[in-house]
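Notes for the one structure printed next.
The values are calculated or read from the model by the stated rules, or taken from the named source; none is laboratory data. Every value quoted in this text rests on a predicted model; they were computed, and no experiment measured them. Here the Cβ is made from the backbone with ideal geometry for all residues, glycine too, and neighbour counts use every protein chain on show. Note: areas computed on protein heavy atoms with side chains; ligands, DNA, RNA excluded. Shrake-Rupley method; radii C 1.70, N 1.55, O 1.52, S 1.80 Å.
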Amino acid sequence: MECISISHKTAKSTERQRCFIAKEAADAFLQELMKVDRVEQCVLLSTCNRTEIYVQGEENLFGKLEERVAETTGNSVEWVRSLVRRYQGRRALRHLFYVSCGMESMVIGEDEILGQVRTAYIRSKESGWTGYELNMAFQAALACAKRVKTETMLSKTSVSVATLAAREVFRLPLSQKTVLLMGSSGQMGSIILKDLLSQQEIQVIATTRSHHGMYQSSSPQVKNVDYQDRYQYFDAADAVISATSSPHYTVTAGRVKEAIKTTKERLFLDISMPPDMDEDIGRLEHCHLISLDDINRLAAENNIRKQQAIADAQEILEEELNRICNVLAFHCFANEMDCWREAYTGYSAEKLIYLLRDKLDSSSFEAVLRVLKER
């Protein structure tokens, strides 16, 4: 297995935006990727914080993968390669496990990534773009993530990007707060809405394009308004949060300036990819804009408090990683079982032991001997 990764660890939010492959384009991208020579299986994971491709096939497909990303996103291959990290074999498997468990996330231990990995895998599986190797790898990674979630404090103490955004609202020095939330029915927006409603002093104005948004009829703290009328509520808002999947700006500086009549400090939080908010909003008087890059800084502070949980999760991860590596190695070996029988016909057990002694490193050879002694 091989993987190329562009993430928050290698690229700024503006750079990640240029490499982002929206879900509407994912199927076409994967279909074209399967036509690439020597690519036999593939999965695309593209979120606000990472764009990654996992493939199974012949070795050293990195260049072709980078070319496909460049072509699809309209960037030069050289520029894409400047942001990419490459993983192969066991390192690719370990990276997938770390990503699935939330240990490569901007906010370590966050839960959203598990669902995103599952969705990416199922999309490829249902389209017939995975086989034994990627099926086993992704199923093992998802199972490992569930075990980490159950057996460690990593996710129990996790703080997601959505939660960090809500905390910024909580910090506003106001006894009563009005928050305009765009994208409340989406995955990230619904989490933010739940967090905001945990505080009685917060009133939420939630924009919607339908009549099926979360909490529309169940909470007196929420006022649902049509998305098209959003600018009418900017003057009343103390904070404006955008968490949509819109391909264009939901908020522009010019319209904000026109809409605001009352002088007061206002917080603007943009946690979307691509960005929802015009960066010039932060230059308007009394307007403070927080972007994904700013959330990254807040996440780093939060991650410091999770060191013991990280150590516990790493122990589980290595155990599960060893298990799946053995499964995949045996699968590869089993395909050549007949050739193996023919090659070693007539070998005594003693001769095989000496062969293993000369070919294996000391720790591997000791492990073989322990297994033989246990029988």
Query raised in the report: When region 62-71 is examined, which residues are found to be under 14 Å from PHE20 (Cα atoms) and surrounded by fewer than 18 Cβ atoms within 10 Å (Cβ to Cβ)?
Result: ALA70, GLU71
Query raised in the report: Any chance region 40-61 includes a residue that's open to solvent by 30 Å² or more (accessible area, probe 1.4 Å) and of a type in the set (Lys, Arg)?
Result: no
Query raised in the report: Which one is most open to solvent (accessible area, probe 1.4 Å), of the residues in region 1-35 that are closer than 18 Å to ARG86 by Cα and in a helix (DSSP H, G or I)?
Result: GLU15
Query - Conditions (1) surrounded by fewer than 24 Cβ atoms within 10 Å (Cβ to Cβ); (2) in contact with a Ser or Thr (Cβ under 7 Å, 6 or more places away or on another chain): number failed by THR152 - result: (2)
Query raised in the report: When you go through (1) under 28 Å from SER7 (Cα atoms); (2) without any contact (Cβ under 8 Å) to a residue 60 or more places away in the chain; (3) in contact with a strand residue (DSSP E or B) (Cβ under 9 Å, 6 or more places away or on another chain) one by one for THR250, which number turns out not to apply?
Result: (2)
Report summary line: Exactly one of ARG85, ARG68, ARG94, ARG18 is more than 19 Å from the chain's Cα centre (by Cα) and touching a residue at least 12 places away in the same chain (Cβ under 8 Å), and that residue is ARG68
Query - Subset of region 272-322 that is small (Gly, Ala, Ser) and under 29 Å from SER190 (Cβ atoms) - its residue that is surrounded by the fewest Cβ atoms within 10 Å (Cβ to Cβ) - result: ALA300
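Going by the structure shown, is LEU321 of a type in the set (A, V, I, L, M), at pLDDT 85 or above and not in a helix (DSSP H, G or I)?
no
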Query raised in the report: Has region 197-220 got at least one residue that is assigned to a helix (DSSP H, G or I), at pLDDT 85 or above and not polar (S, T, N, Q)?
Result: no
Report summary line: Selection over region 81-96 where residues are within 10 Å of GLU2 (Cβ to Cβ) and hydroxyl-bearing (Ser, Thr, Tyr) yields a count of 1
Requested in this report: Check region 173-183 and report whether any residue there is within 28 Å of ASP111 (Cα to Cα) and open to solvent by 20 Å² or more (accessible area, probe 1.4 Å).
Outcome: yes
Query raised in the report: Mind checking whether some residue in region 324-339 is surrounded by 13 or more Cβ atoms within 10 Å (Cβ to Cβ) and in contact with a Ser or Thr (Cβ under 9 Å, 6 or more places away or on another chain)?
Result: no
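Taking the options ALA137, ALA143, name whichever one is more than 15 Å from the chain's Cα centre (by Cα) and open to solvent by 30 Å² or more (accessible area, probe 1.4 Å).
Of the residues listed, the single one that is more than 15 Å from the chain's Cα centre (by Cα) and open to solvent by 30 Å² or more (accessible area, probe 1.4 Å) is ALA143.
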Report summary line: Note: among THR51, THR73, THR47, just one is free of Cβ contacts under 8 Å to residues at least 60 places away in the same chain and closer than 30 Å to THR163 by Cα, namely THR51
Requested in this report: For residues that are surrounded by 19 or more Cβ atoms within 10 Å (Cβ to Cβ) and either in contact with a strand residue (DSSP E or B) (Cβ under 7 Å, 6 or more places away or on another chain) or more than 23 Å from GLU58 (Cα to Cα) (or both), tally how many sit in region 74-110.
Outcome: 19
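Residue by residue, here is whether (1) more than 30 Å from THR51 (Cβ to Cβ); (2) in contact (Cβ under 8 Å) with a residue 40 or more places away in the chain; (3) over 31 Å from the mean Cα position of the chain (by Cα) holds:
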site: TYR227; (1), (2), (3): no, yes, no
site: VAL240; (1), (2), (3): no, yes, no
site: ILE260; (1), (2), (3): yes, no, yes
site: PHE268; (1), (2), (3): no, no, no
site: MET277; (1), (2), (3): no, no, no
site: ILE281; (1), (2), (3): no, no, no
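Would you confirm whether any residue within region 258-266 is outside any helix (DSSP H, G or I) and among the small types (Gly, Ala, Ser)?
no
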Query raised in the report: Which condition number in (1) more than 19 Å from ARG90 (Cβ to Cβ); (2) open to solvent by 80 Å² or more (accessible area, probe 1.4 Å) is the one that LEU352 fails?
Result: (2)
Query raised in the report: Could you list, in sequence order, the residues of region 251-271 that are among the basic types (Lys, Arg) and open to solvent by less than 40 Å² (accessible area, probe 1.4 Å)?
Result: ARG266
Query raised in the report: Can you name the number of the only condition in (1) open to solvent by 30 Å² or more (accessible area, probe 1.4 Å); (2) over 29 Å from ARG18 (Cα atoms); (3) assigned to a loop (DSSP other than H, G, I, E, B) that HIS248 fails?
Result: (2)
